[in-house]
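A short worksheet on the structure shown next.
The values are calculated or read from the model by the stated rules, or taken from the named source; none is laboratory data. What you see is a predicted model, and the numbers here were worked out from it, not measured in a lab. Note: ideal-geometry Cβ built from the backbone for every residue, glycine included; neighbour counts use all protein chains shown. Accessible surface is based on the protein model in full, side chains and every heavy atom, while ligands, DNA and RNA are left aside. Shrake-Rupley method; radii C 1.70, N 1.55, O 1.52, S 1.80 Å.
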Amino acid sequence: HPLLKFPSNTIKSSFEQWEKFAEDQFNQLKENEEELNRIFIEIYGLQDELTPDVADEDVTVRKADLERDIKSFISYAVGCAFGRYSLDEEGLIYAGGEFDPNRYQTFPADQDNILPILPDAYFEDDIVSRFIKFVEVTYGQETLEENLDFIADVLGRKKNETSRETIRRYFLNDFYKDHVQTYKKRPIYWLFTSGKEKAFNCLIYMHRYDKTTLSRIRTDYLHEVQTRYETMKQDLISIIEGDSDPKEVRQAKKELKAIEKKIDELKKYDEKLHHMADMKIEIDLDDGVKVNYKKFDGLVAKL
């Protein structure tokens, strides 16, 4: 990723170096193109008809863009978590074939190819936890909070939000939209989601999918989330039926309503997931994203 080509202990400093480099590249290319135009105009005697000037938008090298580059850094981190990229080697590392975990020493690739995206960190390999670890590995423990604050501010941190809350909100609401847009509706990371309540969501990397993936999503993650919501429901019922003050009871009733909606959504999703997991669906990467994604209708986010 461009930011990592300019080592520093802060992302801000890496970006500033990258921005200067990109600006210099842009200006150099623009200069070269205008010089070529001048030469051709002179050769063909077109001084009265053409100008050597090149408009900025016609220069083929992109300038740095803070929001776009931070979002692409987040996407790169997800790619490293899935093993598509590695901090130990240049370029694309895995896009099918034999997966070798030993190629990811600095930042290990996720073992089961399933990254949960949930309102809280229920799992060790939660996508936000993995991203924070990535920032720590690439920029160091000492500046971790400073770097997370910088990222959160770029993503549009809300008042009273911690940096981690902003990053989690981005993953829950916007990361997948950005990914689908970047890959022009042919995403390589797939979002399995229970529906509009967002009670359960996880990402997988299509190139590492196998026929056991759905079963693992269900037994290792979905059931755990269902158990947690059931516990939360019981806790809220205890508040409502106990001797709490009226304000607490009102709040608990409101939360209970929201939790029951989520539980209902999870139950329906579990039935669908169970049915499709039993089918042990295979995919063929040669068929492309569109054909393969369609096989999971009802389980994945709509494109």
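Values computed for the structure shown
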{"quantity": "Positions within the stretch 158-199 being open to solvent by less than 70 Å² (accessible area, probe 1.4 Å), of a type in the set (Asp, Glu) and free of Cβ contacts under 8 Å to residues at least 60 places away in the same chain, in sequence order", "calculated": "Glu161, Asp174"}
{"quantity": "Residue match in the stretch 90-103 (condition: modelled with pLDDT under 95, under 30 Å from His223 (Cβ atoms) and touching a strand residue (DSSP E or B) at 6+ places or on another chain (Cβ under 6 Å))", "calculated": "no"}
{"quantity": "Scope the stretch 16-73; condition hydrophobic (A, V, I, L, M, F, W, C), modelled with pLDDT of 95 or more and crowded, with 16+ Cβ neighbours inside 10 Å; matching residues", "calculated": "Trp18, Ile70, Phe73"}
{"quantity": "Selection within the stretch 234-247 - under 22 Å from Pro119 (Cα atoms) and surrounded by fewer than 16 Cβ atoms within 10 Å (Cβ to Cβ)", "calculated": "Gln234, Asp235, Ile237"}
{"quantity": "Options Pro101, Pro52, Pro7; residue that is farther than 25 Å from Asp174 by Cβ and in contact with an Asp or Glu (Cβ under 6 Å, 6 or more places away or on another chain)", "calculated": "Pro52"}
{"quantity": "Residue list for the stretch 109-123, filter: within 17 Å of Ile204 (Cβ to Cβ) and either without any contact (Cβ under 8 Å) to a residue 40 or more places away in the chain or among the aliphatic types (A, V, I, L, M) (or both)", "calculated": "Ala109, Asp110, Gln111, Ile114, Leu115, Ile117, Leu118"}
{"quantity": "Every residue from the stretch 88-98 that is touching a residue at least 12 places away in the same chain (Cβ under 8 Å), open to solvent by 50 Å² or more (accessible area, probe 1.4 Å) and of a type in the set (A, V, I, L, M, F, W, C)", "calculated": "none"}
{"quantity": "Every residue from the stretch 124-152 that is without any contact (Cβ under 8 Å) to a residue 12 or more places away in the chain and open to solvent by 10 Å² or more (accessible area, probe 1.4 Å)", "calculated": "Glu124, Ser129, Glu136, Gln141"}
{"quantity": "Failed item, numbered, when Lys196 is tested on (1) modelled with pLDDT of 95 or more; (2) more than 15 Å from Tyr293 (Cβ to Cβ)", "calculated": "(1)"}
{"quantity": "Ser8 vs. criteria small (Gly, Ala, Ser), closer than 29 Å to Thr138 by Cβ and in a helix (DSSP H, G or I)", "calculated": "no"}
{"quantity": "Residue ID - nearest to Tyr183 (Cα to Cα), chosen from residues in the stretch 269-292 that are open to solvent by 80 Å² or more (accessible area, probe 1.4 Å) and touching a residue at least 60 places away in the same chain (Cβ under 8 Å)", "calculated": "Lys290"}
{"quantity": "Test: residue in the stretch 205-215 that is open to solvent by 60 Å² or more (accessible area, probe 1.4 Å), in a helix (DSSP H, G or I) and among the basic types (Lys, Arg)", "calculated": "no"}
{"quantity": "Of all residues making up the stretch 106-122, the number that are open to solvent by 30 Å² or more (accessible area, probe 1.4 Å) and under 14 Å from Arg168 (Cα atoms)", "calculated": "4"}
{"quantity": "Tyr221 in a helix (DSSP H, G or I), under 13 Å from the mean Cα position of the chain (by Cα) and surrounded by 13 or more Cβ atoms within 10 Å (Cβ to Cβ)", "calculated": "no"}
